[in-house]
Amino acid sequence: MKQEDLKQKIMEKIKEIGITKILLLLLAGVVLVMTSLLETEPKTSEKKEQVAVTDQSDLTAIKTQQKKYKEQLEKQLSDALLQVEGVGKTKVMITLKGTEEIVVNKDTPYEEETTKEKDSTGGEREQTSVSQKEETVLVTDREGNSVPYVIKQLEPEIAGVVVVAEGGGSEQVIQEITDACEVLFSLPVHKIKVMKMKTM
């Protein structure tokens, strides 16, 4: 089979499937890769220590980590959109709501004690007391320090996405970019803005 024929068959298949479906498949792949990277990332002692923010260096570490997470999302979205026909170059800005949330395991021991008393007239009285405490479960890290046992880490919520694209003047491109952001970040349409990039 000639190379020309092969190219033609591939183009026919792309037209048959539709560019929107191909885009959604590509974006679904990006989401799966992002999810697997986030899930397989080891929980380091540095992240566990962020549970209790005690000084300025902890706050700085959290802000640095949040900035890296934001930049990673922006780059991945920009790279994915670059592969879509008609979009062209893009500049992506993502805003986050809040910070990373770390959920720690808590132990809540429950005690119930019942006492029976007799008074001088022969009557009986029963008294029940209940006590319950909540304590953070601690584990020992590699350095031998006691740190809270982290159940899960929740990444900051995405508040909005702005995409400035060369093809941002086309209604079809705007719709495809908006659909992609909706799928990737579970955002409502009013939190996604697509604009045309100015020409130099």
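The values are calculated or read from the model by the stated rules, or taken from the named source; none is laboratory data. Bear in mind that the values here come from a model prediction, so they are computed numbers and not experimental data. Reconstructed Cβ throughout: ideal geometry from the backbone, glycine too, with neighbour counts over all protein chains shown. In case anyone asks, the SASA skips ligands and DNA or RNA and just uses the protein heavy atoms, side chains included. Shrake-Rupley method; radii C 1.70, N 1.55, O 1.52, S 1.80 Å.
Could you grab me the full set of residues in region 181-200 that are part of a strand (DSSP E or B) and farther than 21 Å from Leu25 by Cβ?
Applying the first criterion (part of a strand (DSSP E or B)) to region 181-200 yields 192-196.
Correct list: Lys193, Met195, Lys196.
Within region 143-165, take every residue that is modelled with pLDDT of 75 or more and open to solvent by 100 Å² or more (accessible area, probe 1.4 Å) and give me the one that is farthest from Tyr69 (Cα to Cα). Applying the filter and picking the extreme gives Glu143. Can you tell me which residue within region 85-106, out of those that are at pLDDT below 65 and not in a loop (DSSP other than H, G, I, E, B), is most open to solvent (accessible area, probe 1.4 Å)? Per the criteria, the residue is Glu101.
In region 46-60, of all residues being part of a helix (DSSP H, G or I) and surrounded by fewer than 16 Cβ atoms within 10 Å (Cβ to Cβ), the one that is modelled with the lowest pLDDT corresponds to Glu46.
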